[in-house]
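This report refers to the structure that appears directly beneath it.
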Amino acid sequence: MGCFCVKFFGGKEMVEESETVETKQYSWDKRDRVNPEDYMVDGAISKTICRLPDSVKGQQFIIQNCKSCNIFVFDHMASVTIDDCTDCCIFLGPIKSSVFIRDCSNCRVMVACQQFRTRDCRHLEIFLCCMTQPIIESSTGMKFACFQYFYSQLEDQFQKSGLSLYNNNWSDIHDFTPVPDERNYCILPQDTQPDCFIPNQAEGLVMEDLSIEKNKSVIPCTLGKRRKQHDESCLVVFFSQEKTPSTGVRSFITKMAEGHGDCELIQSKEVNLQPAEAENILGTNIYNTFVTQGPVVGLEYNGDNICNICHNMTKGQQRIFVSHEATVAKKQIENFYNVAQMHLAI
């Protein structure tokens, strides 16, 4: 005869039932598992190593203990550390936060990042785009130049990393450990070619549209703190339309390079201004409405008769300000970049 088990509690029947309890899942449980080895180059010797676009996708990346290697990371990353590498050529796509290079020697590095720092390094050539002031510490024989590179996905990678194309402080180096009567860094000559940053075709890793030409670079190549060749400078300011910085900035820079190669782009900044700040800098209130519509991009150009040249290049365009004459431009440039630095430092 069968048996039916019943428990009594408080005079009431309770039938035992098996219940299935679901384990609660959190958002981090649903993420794809990351293999750290996919985001690391460790111990490579005399190799060419390439990470293509969409292979890193904003992860942290580590390069360490490499010798005589060519390393190319054509993607955006969260942060990068480079340790104990010698005689290497390293290209890094846009980095959302910091790149930290330690105990490296005789390397060439091209990198775009929010923060840049070296420690205990010797004889590095850095082609740099950095949103903040680059820092070197206990490092000697450091040489710097402006980032200059192009491939079709690069501008989109800058946007994903939250980096501006126009806020490059590559030449504003801070030496954390200066030596009296010595200089631990210098600026490379303007004609220095970053030719090692194009992979050798024999390796079969070439992306068809790679370029190190200055006029194609996603980041405008600036003179930085090199000596200006002329006494006259001019401030050119581009105002946003529909919250987007004017597409005319790139077109203007290209036309200036092609038609007025003797004129130099000294520096650029992208920043949000208040109407009162714009009026104080520009000496007029007619642009006050424009500055409320998004960030502005300011360019400092240097050259003979530069104000007239810039005026002729921008005739008929309402959302562009150009200094009228060099004597006034000097003060406008100083005020604009002081205000920009103040905003960007916040």
Answer with yes or no whether Ile95 is among the β-branched types (Val, Ile, Thr) and either open to solvent by 40 Å² or more (accessible area, probe 1.4 Å) or over 14 Å from the mean Cα position of the chain (by Cα) (or both).
no
Counting only helices (runs of 4 or more DSSP H) entirely within region 248-306, those with at least 1 residues that are modelled with pLDDT under 95 and either open to solvent by less than 10 Å² (accessible area, probe 1.4 Å) or over 21 Å from Gly316 (Cβ atoms) (or both) are 248-259, 288-291
Only one residue in Phe176, Phe238 is at pLDDT 90 or above and open to solvent by 50 Å² or more (accessible area, probe 1.4 Å). Which one?
Phe176
Condition test on Gly248, is it free of Cβ contacts under 8 Å to residues at least 24 places away in the same chain and farther than 19 Å from Tyr337 by Cβ?
no
Do you know which residues across region 307-318 are touching a helix residue (DSSP H, G or I) at 6+ places or on another chain (Cβ under 8 Å) and either farther than 22 Å from Gly224 by Cβ or assigned to a loop (DSSP other than H, G, I, E, B) (or both)?
Met313, Thr314, Gln317
So, first residue more than 14 Å from Leu154 (Cα to Cα) in region 43-59, second residue open to solvent by less than 50 Å² (accessible area, probe 1.4 Å) and in a strand (DSSP E or B), Cβ within less than 6 Å, six or more apart or across chains; the pairs are Ile49/Val41; Ile49/Ile71; Cys50/Phe72
Of all the residues that make up region 188-213, how many are at pLDDT 90 or above and open to solvent by less than 50 Å² (accessible area, probe 1.4 Å)?
8
Among the residues of region 56-72, how many are modelled with pLDDT of 95 or more and more than 15 Å from Asn200 (Cα to Cα)?
11
Count - residues of region 103-145 that are assigned to a strand (DSSP E or B), within 16 Å of Tyr185 (Cα to Cα) and of a type outside the set (Ser, Thr, Tyr):
21
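The values are calculated or read from the model by the stated rules, or taken from the named source; none is laboratory data. Just so you know, these numbers come straight off a predicted model, no measurement behind them. Counting neighbours? That spans all protein chains shown, and the Cβs are built from the backbone with ideal geometry, glycine included. In case anyone asks, the SASA skips ligands and DNA or RNA and just uses the protein heavy atoms, side chains included. Shrake-Rupley method; radii C 1.70, N 1.55, O 1.52, S 1.80 Å.
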